[in-house]
Amino acid sequence: MKKIALAADDMLGLEGEMSMHFGRCPSYLVALVEEDGNIASTEVVENPLFNQHKPGEVPRFINSLEVNVIIAGGMGPKAIDMFNNF
């Protein structure tokens, strides 16, 4: 199973809008996806760092959710490097 986080602009889950910016989104949609591609479950998690520029903190937060895939735009090179090293 994969645990996927998507940067979200709202708390609407699968019916909501995806955010164009990884660190400055208000929430993340976290989905457990089975090997066959079916979604087993979803939850919306508020971004505790919303509108705060704290380099390195959002990757640590996402990692604490035990996510192994993130889908987001606007991710800087430091965040990418951190995810590659988790």
Practice item. Consider only pairs whose beta carbons are under 7 Å apart and that are at least six residues apart or on different chains; among these, list those whose first residue lies in region 46-65 and is of a type in the set (A, V, I, L, M) and whose second residue is outside any loop (DSSP other than H, G, I, E, B) and modelled with pLDDT under 85. Key: Val58/Ala79
Point to revise | Residue that is nearest to Lys78 (Cα to Cα) [pool: residues in region 25-44 that are crowded, with 16+ Cβ neighbours inside 10 Å and under 11 Å from the mean Cα position of the chain (by Cα)] | key: Cys25
Check your understanding: If you go through region 51-67 one residue at a time, do you hit one that is in contact with a Ser or Thr (Cβ under 9 Å, 6 or more places away or on another chain), in a loop (DSSP other than H, G, I, E, B) and not basic (Lys, Arg)?
Key -> no
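The values are calculated or read from the model by the stated rules, or taken from the named source; none is laboratory data. Remember, it's a predicted structure, so these values are computed and weren't measured experimentally. Here Cβ is always computed from backbone atoms with ideal geometry, including for glycine, and neighbour counts include all displayed protein chains.
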